[in-house]
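Here's the structure we're looking at; comments come further down.
The values are calculated or read from the model by the stated rules, or taken from the named source; none is laboratory data. Predicted model only: the values in this text are computed from it and were never measured. In this analysis, Cβ positions are derived from the backbone assuming ideal geometry, glycine residues included, and neighbour counts consider all displayed protein chains. Accessible surface areas use protein heavy atoms only, side chains included; no ligands, DNA or RNA. Shrake-Rupley method; radii C 1.70, N 1.55, O 1.52, S 1.80 Å.
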Amino acid sequence: MLYREALNKAIDECMENDESVVILGEDVGRYGGSYRVTEGLISKYGEKRVIDTPIAELSIVGNAIGMAIAGLRPIAEIMTVNFSLLAMDQIINHASKLRYMSGGKMTIPLVVRMPGGVSRQLAAQHSESYETLYASIPGLIVLTASNATYAYNALKWAIKSNDPVIFLEHELLYPMEMDFKEVKDFNPFRAEIVKEGKDLTILTYLKMRYDVIEAEKELKKAGIDAEIIDLNSLRPLDIDTIAKSIKKTKKCVIVEEDHKTGGMGAEVVSQIMENCFYDLDAPVLRIAGEDVPIPYNRKLELSTIPTPDKIVSKILDWKAKNGI
Amino acid sequence: MNRARIEKFYYLMKLGREFELKAKEHYMLGDIAGFLHLDIGQEAVSVGTMQAFDKGDVFTHYREHVLAIARGMEPKKIMAELFGKKTGISKGKGGSMHLFEPRLNFYGGDAIVAGHLPMAVGCAYARKLQNEKAGVFAIFGDGASNAGAFFESINIASAWKLPLMFFAENNYYAIGTHISWVSPFVDLKEKARNYMPTFTCDGMDVCDVYNTVIKAKEIIENGLGPVFIEAKTYRYEGHSMSDAGKYRSEEEMEIFKRKDPIENLKKKAIKLGLVDEEYFNALDAKVEQVINEAVEFAANSPEPEIEEAFEDVFCKECENAIS
Ligand SMILES: Cc1ncc(C[n+]2csc(CCOP(=O)(O)OP(=O)(O)O)c2C)c(N)n1
Ligand SMILES: [Mg+2]
């Protein structure tokens, strides 16, 4: 199943089973979704539940919050993570705080879905990974879907959840063919051990999962048995799974596409310092996006994000430098 | 209409059209990537506005190749930018959506819908403070006219009587969303008419666009505050190269293609006896030469060095102070 089809299936089933589920966003209806995630939904559920909005991100999320207050279960689709910056006031000042500042009386069952990351030469205003902006906010759940199984099961969970969920996708994943499994009593907050290993823990999420899997083949040739963990949930973070792995491997690398400074790895490393310091044989290695906006030229673009080659060479250098 | 003006209009529109047809070709060949938004069909707006609004500052969105050419940016530097080359107008770092040339008071190339409008308002404020009469030109689409930034901008520009020309390029669609689905008005001037004088022109007729901008410009230059112009036009291509544009009917497309701005200018000028077919053939030959040179320049230019990915984040002074 294609990744985007898994997302579509999750939305479709939720809309089928619960009339209060609606989806709104730019081009989600008649056009079929800019990445075809919502394809076919409008003909099944009509334009009252599959809502084509104007280009007004603040309102897309704000309206969705209002719908949630009134008892609907809205899914707000933002076309690209960069545009969600226009909606941040509604997400952060409103969605994340309404339950708390009402003393628990308000309930906001909201999902905000958005794709991000470096796709292919879309340049600085269309290529960002801003997950830490959301993962630093109390009151938000932040999930990342790197694969069809997680996408389907976690999105279904998110739609049924009674709290606001930021659901992050990646533009390069939509057309990818993937294994797919329906999971009973799915828990979206558990990290996934993608591959077990004993020498080294590699933490990653979203599209970087695939770059890490590529890199691991080379590491294996170099005699390194790496354990790959997909974080899945960025807030909350599954520190238990991470800590257990580090206890075994004594070494940890995080591979992320967002900018290094203040990126997701910064928070992960902090939690590792608090929980696993005495288990570590070496400082944690962060392989991250460079601290520059994303350039258009393909060669430059690739120079600003991790690639399988870079992941391998950085890990080998780091091992040599630390004598591990 | 006079001969010199016809020549300018025709030449620039044709240059824009051929530039984009070539860009499309090279996109298919893989020399250009990312989002490529073509202006084909809308050249009268890009050329008419820039010919009339020839001083002042310009803020625009991502569908801006022809506007940039009409403003005076060299086609070869734009083509090189599309090819991602070091010699491109933004050194290969911006691509199609991010053409900048402050020497021409041309400030992008913004790919956040309506994101350039508040900046245009600020620029207009500064121009008023500096006693610059020419003011600021900001062009945007029907889709952008639904964004909060648009409404904030018309309010502020009007409240403070700023020298700002809002130019709404209404091609009816924001990607696949028709303006009538998401706005109570298809006529966008309805949104602005309580704030400032509004004008409409035929976006398929370069002379009408030109004359309307000339007329509206007077209000700005006399310090009477902002103006709003709406032009109805049509893009023949999809939203970008990744959109086939299937949501539009053949009939709708035909209505506008019959009004093609380039063909119609040519016909009109010949009918009026101002020039003959030969005259246009000569201009076409000149266009072909410029476009071929632009492609050659782009193809033969070097790629930027990897180090350049790390430059231009800050100015040299800051970089030095930091490192
Ligand atoms: C804030 C924001 N939201 C969404 C987008 C995605 N997007 C790019 S262009 C576009 C349509 C804009 O339509 P319009 O303003 O009519 O201009 P046109 O493309 O027709 O020239 C959309 C939705 C974006 N770039 N920025
Ligand atoms: Mg439009």
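What is the percent of Cα-Cα separations in the stretch B:1-146 that go past 25 Å?
Summing the P(r) tail past 25 Å for the stretch B:1-146 gives 27 percent.
In terms of modelled amide H atoms, which long-range or inter-chain residues lie less than 5 Å from the amide H of A:R73?
A:V21, A:V22
Would you be so kind as to identify which of A:S303, A:M264, A:I254 lies farthest towards the positive end of the dipole of the stretch A:252-313, taking Lys and Arg as +1 and Asp and Glu as -1 on Cβ and the Cα centre as origin?
My answer, from the dipole projection, is A:S303.
For chain B, list the DSSP H helices whose alpha carbon atoms reach 24 Å or more along the long axis and whose average Kyte-Doolittle value is -1.0 or above?
Helices meeting the span and hydropathy rule in chain B are B:3-28, B:277-300.
Give me the percent relative contact order of the stretch A:192-322, please, defined on Cα pairs under 8 angstrom at least 6 residues apart.
Contact order relative to length: 27 percent.
Just tell me which aspartates and glutamates come within less than 17 Å, Cα to Cα, of A:K310; anything on the same chain fewer than 8 places away is out.
Partners found: A:D211, A:E214, A:E216, A:E218, A:E256, A:E257, A:D258, A:E290, A:D291, A:E301, B:E307.
Heads up, I need the accessible area for A:M1: 1.4 angstrom probe, whole protein in place, Å², nearest 10.
Here the accessible area works out near 60 Å².
Provide the FRET efficiency to the nearest 0.05 for the B:K55-A:D225 pair, computing r from the beta carbons and using R0 = 51 Å.
0.15
Please give the charge dipole size of the stretch A:1-137, origin at the Cα centre, charges +1 on K and R Cβ atoms and -1 on D and E Cβ atoms. Round to the nearest 20 debye.
In debye, rounded to 20, the stretch A:1-137 gives about 240.
Which is farthest toward the positive dipole end of the stretch B:3-322 among B:F256, B:G135, B:L15, measuring Cα position about the Cα centre, with Cβ charges +1 (Lys, Arg) and -1 (Asp, Glu)?
B:G135
What is the spin-label model distance, in nm, from A:Q271 to B:R103 if the labels are put 7 Å beyond Cα along the C-beta direction?
The modelled label-to-label distance comes out at 5.2 nm.
Is the shape of chain A rounded, prolate or oblate, going by the alpha carbon gyration tensor and its root eigenvalues a ≥ b ≥ c, with a/c under 1.5 for rounded and a/b larger than b/c for prolate?
prolate
Only Cα pairs within less than 10 Å get springs; with that Gaussian network setup on chain A, which residue of A:E13, A:E39, A:E227 has the largest fluctuation?
Sorting by GNM fluctuation, first place goes to A:E13.
In the neighborhood of A:I108, defined by Cβ-to-Cβ distances under 11 Å, what is the net charge if each Lys or Arg adds +1 and each Asp or Glu adds -1?
Once positives and negatives cancel, what remains is +2.
How would B:M28, A:M88, B:M196 line up by accessible area, probe 1.4 Å, largest first?
B:M28, A:M88, B:M196
Taking the simple approach of a point 7 Å from Cα along Cα-to-Cβ for both B:A244 and B:M1, what is their distance in nm?
Reported label-point gap for B:A244 and B:M1 is 3.8 nm.
Evaluate 2.2 N^0.38 Å with N set to the residue count of the protein assembly as shown, then give the Cα radius of gyration divided by it.
Expressed relative to 2.2 N^0.38 Å, the Cα Rg reads 1.03.
Return the distance in nm (one decimal) between the two label points of a simple spin-label model at B:W160 and B:A134, each offset 7 Å from Cα along Cα→Cβ.
For B:W160 paired with B:A134, the spin-label model returns 2.1 nm.
Magnitude of the Cβ-charge dipole of chain A, K/R +1 and D/E -1, about the Cα centre, nearest 20 debye?
440 debye
Ordering A:F180, A:F277 by accessible area with a probe of 1.4 Å, largest first, what comes out?
Result, largest first: A:F277, A:F180.
Hey, in the GNM for chain B with a 10 angstrom Cα cutoff, which one of B:V209, B:V313, B:V136 fluctuates hardest?
B:V313
Show the residues, 5+ positions off or on another chain, whose built amide H is closer than 5 Å to the amide H of A:L2.
Long-range HN contacts for A:L2: A:M178.
Normalised radius of gyration for the stretch A:192-322, please: alpha carbon Rg relative to 2.2 N^0.38 Å, two decimal places.
Normalised Rg, Cα atoms only: 0.99.
What residue among A:I78, A:Y150, A:G116 has its Cα farthest toward the positive end of the dipole of the protein assembly as shown, where the charges are +1 on Lys, Arg and -1 on Asp, Glu, each on the Cβ?
Value computed over the given set: A:I78.
Per the helix-only calculation at 222 nm, which mean residue ellipticity applies to the protein assembly as shown, given -39500 (n - 2.57) for every DSSP H run of n ≥ 4 and division by its residues, nearest 500 deg cm²/dmol?
Calculated from helices alone, the mean residue ellipticity at 222 nm is -12500 deg cm²/dmol.
Any chance you could get the radius of gyration and Dmax over the Cα atoms of the stretch B:3-322, in Å?
That works out to 19.5, 65 Å for Rg and Dmax.
With every protein chain in place, what's the accessible area of B:K257 (1.4 Å probe, Å², nearest 10)?
Spelled out: B:K257, probe radius 1.4 Å, area about 90 Å².
Under a point-charge model restricted to the Cβ atoms of Lys and Arg (+1) and Asp and Glu (-1), what is the dipole moment magnitude of the protein assembly as shown relative to its Cα centre, in debye to the nearest 20?
780 debye
Enumerate the amide H contacts of A:L234 below 5 Å, restricted to partners 5 or more residues apart or on another chain; note that Pro and chain-start residues carry no placed amide H.
Under 5 Å from the amide H of A:L234: A:V142, A:L143, A:T144.
Provide A:W318, B:W160 ordered by accessible surface of protein heavy atoms (probe 1.4 Å), highest first.
Most to least solvent-accessible, the answer reads B:W160, A:W318.
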